[in-house]
Amino acid sequence: MSHHTSGHGGHAFAHHFESAEQEFETSKFGMWLFLVTEIMLFGGLFVAYIIFRGMYPEMFVEAHHHLDKVMGGVNTLVLICSSLTMALAIGMVQRNNNKKASMYLVATLLFAAMFLVIKYFEYSHKFHDGLLPGAHFDAAKNGIQHPKADLFFSIYFLMTGLHGVHVLIGMGLIGWMLKRTMSNEFSSQYFFPVELVGLYWHLVDLIWIYLFPLLYLIG
Amino acid sequence: MATTHEAAHGNHANYLNESKGIWSWMVTLDHKRIGVMYLWTTMIFFTIAGFLALALRLEHWGPTQNIMGADTYNKVFTLHGAIMVFMFIIPSIPAALGNFLLPLMLGTKDVAFPRLNLASYYVFLVGAAMTVGAILFGNSVDTGWTFYTPYSIKSGSSVVLVVMGVFVMGFSSIFTGLNFIATIHKLRAPGMTFHRMPLFIWATYATSILQVLATPVIGITMFLLMMERVLHVGIFDPKLGGDPVLFQHFFWFYSHPAVYIMILPGMGIVSEIIATFSRKPIFGYRAIAYSSLAIAGISFLVWGHHMFTSGQSDFSNFLFSLLTVLVAVPTAIKIFNWTATLYKGSIKLDVPMLYALSFIFLFTIGGLTGLFLAALSVDVHLHDTYFVVAHFHYVMMGGTVIALLGGLHYWWPKMFGRMYPESIGRVGWACVFFGFNLLFLPQFWMGSHGMPRRYYNYPAEFTLSHQISTVGSWLVALGFLIHFASLLWASKYGKKASENPWGAKTLEWTVESPPTLHNFHTMPTVNSFPYEYKPEKV
Amino acid sequence: MFWHKAYAGTISLPQAATNAVRIDALHDFLWWMSVFFLALITFATLYFAWKYHRSKKGRETAYILGSHTLEAIWTIIPLILMLVIFAWGYRDYLWLRTEPQNPVEINVIGRQWLWNFEYPNGRKTMNEVYVPKGKAVKMIMTSEDVLHSFYVPNFRLKQDVVPGMYTYIAFEATLTGEHPVYCAEYCGTSHSDMLAKLFVLEPKDYDEWLETGKLSAAAKNYIGAAAKGKPDQPKGSAAPTQSLADRGKELFNSKGCFACHTADGTPKVGPTLKGVFGKTEELADGSTVKIDENYIRESLMEPQKRITKGFPPSMPPFKGLLSDEEVNALIAYIKSLK
């Protein structure tokens, strides 16, 4: 697809748009639609969570004590910080400050990595204690009484696992934006790719903000 | 309806010949080429699944084993359903005709995100390859296309690979829907207000909304089923404390809206054809447009009607039955409005119109028999019998496939610049129409007399009905063969088509046949309703 | 209904249970309504296609954008019809689902690919089930493996059989003889061979069969068994050694239930089991539950899930320790403690 060089500030836009602005508006609209599909995707797991919590409220209370509130809490803070640096990066790109923007993107990447490292420690602890999904759950290793506690960990791993995959994808996208920012592709006239990745990253953050209380802070 | 460039005649450059070689197709970002690639791909899957159906019908020539064993039969009916639903009907009209027509009808050069459009085609291919791989290199799949737990957890067939294929193909559907919604919202030609959009666009719009909102849910459901088999997570497995009926809720939360993903575009096609071949404005444009949205909206609230006998609560049954009968109202409005459009028109019964009128007849049967299944007490008797099989084939095949055939004949001149042979087309239509009724009418009778579906062996008293049905399947196959041969022949050797062979009023008929790469030489401006057929002398 | 004598109905299957008549009535209403609307639409399309065909020269096409009056008519009439159909279907469905008083209870277990039946006195049959004519019968069903569905076309009745829970059908048979039973929910390789025969007997013949396992000569005659040389004891049958409730009582003792529960009405560590069946109890969290088969099954398998108010959550789960047959026996025992 050929790109014209025309319109505002000399930015190229795809031939089937009338203007760079139309391209920006359309892309942003598309991103919001995509975020809706993401919410529907996680929505399925949230529904499963609600159904099983409704069925076994006391089991959820008992099982959730085996999650590490401190690690979960720190991770929440880490992701909120990453959202902040992401927003700052977009602000910098809009002000033509690609250098600072790159710095903030690096910071966002570091926070994301920190989140995954903490998650890794949490997961390995769960593995060690036999706090595993479904058939792999081993009550002998962790002393949970309730016979259905494996379901809690099924839901825990499915939700946090799917979220973790989204963090990984987000890191890839942020890395790509970093590369493009460092080669000065963006300007106050053309920055929407960074803004779109930012939208995605905020959603990943937002989902965690729901996951944290629902899984770690029951009862 | 629009002011556009007067096309130059003769051998002009068009989207088919502007670049050559298979590579130019594989990396194309042109919506028309992507549409055509979808068309060939879905037609291949339709043919495969069609042969599976012929094999099923042949197996039922007698009440016990004829040409295959029970396990093979179970795999064949599963694959027939899964390929037809996920690899043919869902992508066929939206992704093939929709891709080709949407920008042309809206007066724009392409869809909003051409790269995503090509990507969604390849995502579809990858998903389809997984499913085909499971058949060729794995142990196929024998769960029924519905993958009900706990059988799908215990089955020894290659469920994971097939389910992963469905999961992946879901993303293709999501991307297509997302692309279309963005295109409709942001890329309409100047003057093309929502109320000036052709009804095919309205139908595609409603379809796209369903694709975007419902498909992620089948994604997560298939993901959970994979996790169930690989990691034994226990969400749906009663042995591990899960709930097998929950799977049905998840599955139908997508798959009921998916039924409308399949039928709404067909309704869009029929609206276009009926107006064109009656030379009259469509009767009650807004009612038809909004009823598409109403159907899409209600379709999210009726999934439980697949589960009246599943053991769900009586209150759920009350609610789902009530909401289900309400879907019939916007559907009835469409049927009556189409019929009223014919009144005092100038009707020409070319193949597209024959199919549009057949659609009204067959879809009315499909819709009315749906009421039997929506009525709680009657569904207790008819659920999971051949009545259901006949009902959804009247909707899916009598509706969607019939509309698709009409649409292909209608837009073939636009897509390939050549006319199909009319008389051969009519012979094909006759085979399909009469064969179809021969094939599925007896199945209503069998169902109401207790013939359960997915039965390899069947009680001997149903032999004659099964045989009639099987003969019908041959007639339908013959009809398809005639159509495919005539359309393929026409795309190369048919009479050259003018810009607007049918005298239609929508924008795609203002450009050359076939269109140039960027569709319009001068971007069109729209200043009227899409079916502005003024009174004319006959 | 009076017209039913003269009008045979569109389904030519025997109407072998009271609800079959009701279901057929709505079915036929829908049938004739469909015929009417299909004829209307088809006639209109064909007539217009002929009358306004392009070959009919010398006239002018009309420019009609629509008519709100007409659209209102074909919105409101279908809407009313739909609500009637819904209400009719729901009324009969509720009637169908209403649990009868003191029914003859038969336990059904579906397995890939056969049906097991057990009667209150402990008699067992496989793929053949006997019920009395003119009496309320309740089939309490569960599955040992995957989903099945118990379908009796002559009764117009069907219910999915789900592992891990009980579902039921209740009916009153009106026609003696043999009626086919199909599995209607796909369950794997031999799904289409998962068949059973349901025999409706005169009450006294049923009682005799239940006691002795023998069919009277009259019964053999009207179920057509004499002609087919059907043995009295179908394959997989077992004569009763003790009634289901007695076996439940034995289990109650051998599994140690008596340590916490009594059968005489006095509460112990856990609530007494006397007279609880069918009652509505208040739970620890303030909600209430009707004590039915599903609740007792759940209380055995996952006792912590719903605890009766005023009792400690100290019962151990019996999941994996009791078979489906044993659970059925314990439920029968609890029911017998009136």
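Summary table
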| item | result |
| --- | --- |
| Selection within the range B:287-314 - modelled with pLDDT of 90 or more, assigned to a helix (DSSP H, G or I) and within 28 Å of C:Y151 (Cα to Cα) | B:W303, B:G304, B:H305, B:H306 |
| Out of B:K20, B:K32, sole residue that is away from every other protein chain (no Cβ under 14 Å), farther than 24 Å from B:T131 by Cα and not aromatic (F, W, Y) | B:K20 |
| Condition broken by B:P198, with the remaining ones in (1) within 13 Å of chain A (Cβ to nearest Cβ); (2) surrounded by 22 or more Cβ atoms within 10 Å (Cβ to Cβ); (3) not hydrophobic (A, V, I, L, M, F, W, C) satisfied | (1) |
| Exclusive hit being under 30 Å from B:K154 (Cα atoms), touching a residue at least 12 places away in the same chain (Cβ under 8 Å), away from chain B (no Cβ under 14 Å) and surrounded by fewer than 24 Cβ atoms within 10 Å (Cβ to Cβ), set C:E128, C:E144, C:E172 | C:E128 |
| Inter-residue pairs, beta-carbon under 6 Å, first within 14 Å of another protein chain (Cβ to nearest Cβ) and within 20 Å of A:M55 (Cα to Cα) and in the range A:128-146, second among the aliphatic types (A, V, I, L, M) and part of a loop (DSSP other than H, G, I, E, B), 6+ apart | A:P133/B:V233; A:G134/B:V233 |
| Selection within the range B:216-229 - at the interface with chain A (Cβ under 9 Å from one of its Cβ atoms) and more than 20 Å from the chain's Cα centre (by Cα) | B:I220, B:T221, B:F223, B:L224, B:M227, B:E228 |
| Qualifying residue in the range C:231-249 (condition: under 25 Å from A:L151 (Cα atoms) and loosely packed, with under 13 Cβ neighbours inside 10 Å) | no |
| Every residue from the range B:230-251 that is within 13 Å of chain C (Cβ to nearest Cβ), surrounded by fewer than 23 Cβ atoms within 10 Å (Cβ to Cβ) and part of a loop (DSSP other than H, G, I, E, B) | B:D243 |
| Filtered residue count, the range B:258-297, keeping only those that are farther than 14 Å from B:Q211 by Cβ, more than 12 Å from every other protein chain (Cβ to nearest Cβ) and without any contact (Cβ under 8 Å) to a residue 60 or more places away in the chain | 1 |
| Of all residues in the range B:85-121 being closer than 27 Å to A:K28 by Cβ and of a type in the set (F, W, Y), the one that is surrounded by the most Cβ atoms within 10 Å (Cβ to Cβ) | B:F100 |
| Residue list for the range B:481-506, restricted to those being of a type in the set (A, V, I, L, M, F, W, C), touching a strand residue (DSSP E or B) at 6+ places or on another chain (Cβ under 8 Å) and within 30 Å of B:M192 (Cβ to Cβ) | B:A497 |
| Helices (runs of 4 or more DSSP H) contained in the range B:3-102 and holding at least 2 residues among the aliphatic types (A, V, I, L, M) and farther than 21 Å from B:M396 by Cα | B:22-26, B:31-59 |
| Complete set of residues in the range B:146-188 that are among the aliphatic types (A, V, I, L, M), assigned to a helix (DSSP H, G or I) and within 14 Å of chain A (Cβ to nearest Cβ) | B:I153, B:V168, B:I174, B:L178, B:I181, B:A182, B:I184 |
| Subset tally (residues that are surrounded by 20 or more Cβ atoms within 10 Å (Cβ to Cβ) and within 30 Å of C:K305 (Cα to Cα)) for the range A:65-80 | 2 |
| Matching entry among A:F52, A:F34 (being in a helix (DSSP H, G or I) and more than 7 Å from chain B (Cβ to nearest Cβ)) | A:F52 |
| Qualifying positions in the range B:515-538 - more than 12 Å from every other protein chain (Cβ to nearest Cβ), closer than 30 Å to B:K492 by Cβ and surrounded by fewer than 21 Cβ atoms within 10 Å (Cβ to Cβ) | B:T516, B:H521 |
| Test: residue in the range B:445-455 that is over 30 Å from B:T276 (Cα atoms), touching a residue at least 24 places away in the same chain (Cβ under 8 Å) and aliphatic (A, V, I, L, M) | yes |
| Condition met for C:A44 (among the small types (G, A, S), assigned to a helix (DSSP H, G or I) and within 30 Å of B:T309 (Cβ to Cβ)) | no |
| Test: residue in the range B:331-347 that is basic (K, R), closer than 27 Å to B:A430 by Cβ and facing chain C (nearest Cβ under 8 Å) | no |
| The range C:175-208, subset assigned to a helix (DSSP H, G or I), farther than 16 Å from B:R453 by Cβ and among the acidic types (D, E), residue nearest to the other protein chains (Cβ to nearest Cβ) | C:D205 |
| Breaking point among (1) basic (K, R); (2) in contact (Cβ under 8 Å) with a residue 40 or more places away in the chain; (3) within 14 Å of chain A (Cβ to nearest Cβ), for C:R306 | (2) |
| Residue tally, condition touching a residue at least 40 places away in the same chain (Cβ under 8 Å) and part of a helix (DSSP H, G or I), over the range C:258-283 | 0 |
| Per-region count, the range B:469-513, residues under 26 Å from the mean Cα position of the chain (by Cα) and under 30 Å from B:L54 (Cβ atoms) | 23 |
| Output for the range C:209-256, where each listed residue is basic (K, R), closer than 27 Å to C:G177 by Cβ and outside any loop (DSSP other than H, G, I, E, B) | C:K220, C:K228 |
| Among the candidates C:W50, C:W74, C:W32, C:W95, residue that is buried (at least 16 other Cβ atoms within 10 Å of the Cβ) and of a type in the set (F, W, Y) | C:W74 |
| Some residue of the range B:473-483 being crowded, with 22+ Cβ neighbours inside 10 Å, touching a residue at least 40 places away in the same chain (Cβ under 8 Å), within 14 Å of another protein chain (Cβ to nearest Cβ) and not hydrophobic (A, V, I, L, M, F, W, C) | no |
| Cβ-Cβ under 8 Å pairs, at least 6 apart or on other chains, the range A:4-31 side buried (at least 20 other Cβ atoms within 10 Å of the Cβ) and of a type in the set (D, E), far side part of a loop (DSSP other than H, G, I, E, B) and at pLDDT 80 or above | A:E23/A:F17 |
| Those residues of the range C:63-94 which are within 8 Å of chain B (Cβ to nearest Cβ) and within 15 Å of B:N337 (Cβ to Cβ), in sequence order | C:I64, C:L65, C:G66, C:S67, C:L70, C:E71, C:W74, C:T75, C:P78 |
| Filtered residue count, the range B:353-389, keeping only those that are farther than 20 Å from B:S321 by Cα and among the small types (G, A, S) | 2 |
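The values are calculated or read from the model by the stated rules, or taken from the named source; none is laboratory data. Predicted model, so just to flag it, every value in this text is computed and none were measured. Glycine gets a Cβ as well: all are built from the backbone with ideal geometry, and neighbour counts include every protein chain shown.
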